[in-house]
Amino acid sequence: MKNSLMTMSDKILLRKRSVIETVNDELKNIYQIEHSRHRSFTNFLSNIVAGLITYSFLPKKPTLKYQTVKPNQLALY
């Protein structure tokens, strides 16, 4: 693959991949969003919306913590 520069947001997302995969795993397995045998499109949407609403009421959710830097500043890590 050819080397290319990555944006800062892409670097942050790569470092926090485990958090993103944890959220996807919870949505698919605990809140059963992955179920695909719906008889109608409205049942499909209601299942997804119900799972997302239930997830939003969780008291403790994983988060991505990062600070943005002004574009004219040099950030060294």
Round to the nearest 0.05 the FRET efficiency obtained for residue 8 and residue 61 when R0 = 35 Å and r is the Cβ-Cβ distance. 0.90
Need the list of aspartates and glutamates near residue 16 for cross-linking: C-alpha distance under 19 angstrom, and skip anything on the same chain fewer than eight residues off. 25, 26
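Every read-out reported here was derived from the displayed coordinates using simple, explicitly stated rules and does not represent laboratory data. Because the structure is predicted, anything quoted here is derived from the model rather than measured. Because the Cβ atoms are built from the backbone with ideal geometry, glycine has one as well, and the counts that use them run over all protein chains shown.
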